[in-house]
Structures are given as structure tokens and as C-alpha cells.
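Notes follow once the structure below has been shown.
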Amino acid sequence: MTEDGRYNTGTAPRLCATSHGNPKVGSVGISSFGDIRRFDSIDSTNRYLLDQARDGAPHGVVAVADHQTAGRGRLGRAWEAPPGSNLLVSVLLRVDLPAGSRHLASAAVALAATEAIGAETEVVPGIKWPNDLLAPDGRKLAGVLAEADLSGPPEHGFPPIVVGIGINVGWPLSDDDLPEELVGSATSLYQETGGIVDRSALLHALLAALDARVAPLSTSEGRAGQASELRQRCVTIGRRVRVELAGGQLEGTATDVTDEGHLVVATADGVKTVVAGDVVHLRPAG
Ligand code: BTN
């Protein structure tokens, strides 16, 4: 972003075109995720799918946008990217998931995204708990936001969880594009690889990987398997962390992820399990 708040898109590659106005509906032939609604511009793909879910939209609807005017990040933050540069996509999930394991729905998307990035590039991202995808250099490549609506009538099926992910594909082109506070902490596939990654191919790989992860969420063995993969990918385990919680903060060493996807932290006051919070990786003590 430039100093006056505009984006410096430079020679940012426009990676695909979408329709204007109403969504263009497409299909990529992936069993659960065949209903893909594409937008040139929308406020937020998460907002769109939550509204669709309230009207009874089924499991598997996908919304993808070339640009979001009010993209939502975690903890009420904004999520911004210039038009035509990054992959901005949300999926509507209705899965038979115990309330205490809902985190695994967003973890499934994060894991699917690491697979997709691995398939389309040579980058192997790690997952910073709860769901950030980090490049090997520790800078953020993607963020995940899950929003659930538990108020719907049972005839619509399992309660909807909308999981949105923003993957920095073509933006930032360089650190010059970033506001000062993000320099050193955000990156893109373009910055990591020096090449243009096709957003449609990345979307297809993401949905295919996610398709294989949805059914296992409904069994305890499947969830344990997903949690085990999360554990292997989670670069927070072993790190000293500060966790910002709704009612305060705690500091310690992250030691594990539970089968429900929650973070285990060893603190001076004992072992704590964190269900929701914002994690800062700290430098090792001493
Ligand atoms: C984060 O703060 O790290 C989460 C960012 C999530 C952004 C994605 S982009 C697609 C979807 N639509 C939104 O409004 N937000 C998510």
C-alpha cells in the first residue's frame, strides 16, 4: 500500500477474470464443491455465504472474489488486497462436528491450503496456530477466518460454518507494497517464488484437497487424523508464545495441539489449553 493509502499494484499480474454484478456460477467437477460463485467485486465472501446459509444454502457452496471491499480478518480486523492479485475464497461447510471440535473445520481448510500451495509451488508452508499459513521464512502467506451461525433451523442441515481464506498470491509484489507495520511479517507466493501462480489452479487444488478432508471430520478417528496432521504442520509447537485471550493473556511454551485442535501451552502456572486466541511467537528465552 502506498503512503496515501492506495495500493501499489505495480506490474501485479491479473491472474483471472470474473463476471460483473451477480455471481458467475461455475463448476470444477469436485464432488462436494461444485457450486462455485465468482464475483468481480463483493464486500466479503464470508458475509455472502453466511447470508446464503441463513436462506438454507447447502454444504459445499463456494464464493470466490477478485476483490473484496470489506474483507474480514480475525479479531475484527480488515483483510485487504488489491483487485486481481490474491485468492479470496470462502466455503460453506455443514458437517457433523461436535461443538468442541469446530476448530478442526478451519484447520481442514488451512491444511488443504498447505497441500494446494505445495502442489502448485515449491513452497512448504507451516501453520501458525490457530490458522495462519507461514512461509518458511516465518512471514504470513495466508489467513483463515471461520464464522459459524448456530441459529438456523434444523431442516437446513448441520449448522453452517463458513471458512474463508485469503492467500497472498500476487500481492505484495515486494515489501514496498506493504504498510510499515506489515513489512517483515507478510509475504506472497510471488515474493517467495519469483513466479506467477495461477489462482484458478490453486483454487482447484485447494477444493480437491478439502474435499478429501470433509468426510473424516464426522468421525472421531477422522478428526484425530486431521489433528495429527495439524500437529505435524504446526510451527507454533515448541515455540515460546504469548497468547492474547478474550480476558487477558498468557505466556509460555506451546507443547501440543489436542485432538480437538486446541493449543496446549506450558506456563509458569501450569498447563493451559487454549480454545481461541491470538498467538505471538516470541524469541526463545535467554
Ligand atoms: C486473518 O485475519 O488472518 C484471516 C483473514 C481471512 C480473509 C479471507 S479472504 C476470503 C474470506 N472473506 C473474508 O471477508 N475474509 C476471508
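Tabulated data
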| item | result |
| --- | --- |
| Accessible area per residue in Å² at 1.4 Å probe, computed on the stretch 135-283 | 45 Å² |
| Gain on full stretching of the segment that runs from D96 to E155 - 0.36 nm per residue minus C-alpha separation | 19.8 nm |
| Inter-centroid distance (Cα atoms) of the stretch 87-103 relative to the stretch 221-286, Å | 20 Å |
| Extension gain (nm, one decimal) between D176 and V280, 0.36 nm per residue minus Cα-Cα | 35.0 nm |
| Exposed-site-free run, longest, the chain (rule: trypsin sites (Lys or Arg not before Pro); DSSP loop; at most 15 other C-beta within 10 Å) | 78-286 |
| DSSP-loop GluC sites (Glu not before Pro) across the stretch 28-122, with at most 16 other Cβ within 10 angstrom | E122 |
| Spacing of the two label points (7 Å from each Cα toward its C-beta) at R74 and T219, in nm | 3.0 nm |
| Volume in Å³ per residue [convex hull over Cα atoms, computed for the stretch 53-100] | 119 Å³ |
| Of Q68, Q52, Q226, the one that fluctuates the most in a GNM where the chain has Cα springs shorter than 10 Å | Q52 |
| Candidates G184, G170, G71, ranked by Gaussian network fluctuation over the chain, Cα under 10 Å, top entry | G184 |
| Whether the stretch 214-286 is rounded, prolate or oblate, judged on the alpha carbon gyration tensor where a/c under 1.5 counts as rounded | prolate |
| For the stretch 187-286, with +1 on Lys and Arg beta carbons and -1 on Asp and Glu, the positive-most of A246, V235, S200 along the dipole | V235 |
| Estimated inter-spin distance, T255 and A268, nm [label 7 Å along Cα→Cβ] | 1.7 nm |
| Enclosed volume per residue, in Å³, of the convex hull spanned by Cα atoms of the chain | 136 Å³ |
| Candidate residues T187, T258: accessible-area rank, largest first, probe 1.4 Å | T258, T187 |
| For the stretch 32-77, alpha-carbon Rg and Dmax in angstrom | 11.0, 30 |
| If the convex hull is drawn through the Cα atoms of the stretch 177-236, its volume per residue in Å³ | 135 Å³ |
| Cα convex hull of the stretch 51-204 - mean projected area over all directions, nm² | 9.1 nm² |
| Fully extended contour minus Cα-Cα distance, from A201 to A119, at 0.36 nm per residue | 28.6 nm |
| Cα Rg, Dmax, the stretch 24-141, angstrom units | 14.7, 43 |
| Rounded if a/c under 1.5, otherwise prolate or oblate - the stretch 144-286, Cα gyration tensor axes | oblate |
| Positive-end residue, the stretch 100-230 charge dipole about Cα centroid, Cβ charges, pick of A186, S106, P154 | P154 |
| Whole-number D in µm²/s for the stretch 230-269 (Stokes-Einstein; Kirkwood sum over Cα pairs; 4 °C, 1.567 mPa s) | 123 µm²/s |
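The values are calculated or read from the model by the stated rules, or taken from the named source; none is laboratory data. In this text the structure is predicted, and so the values were computed from the model without any measurement. For neighbour counting, all protein chains shown are included, and Cβ atoms are generated from backbone atoms with ideal geometry for every residue, glycine included. Please note that ligands, DNA and RNA were not included when accessible areas were found on the heavy atoms of the full protein model with its side chains. Shrake-Rupley method; radii C 1.70, N 1.55, O 1.52, S 1.80 Å.
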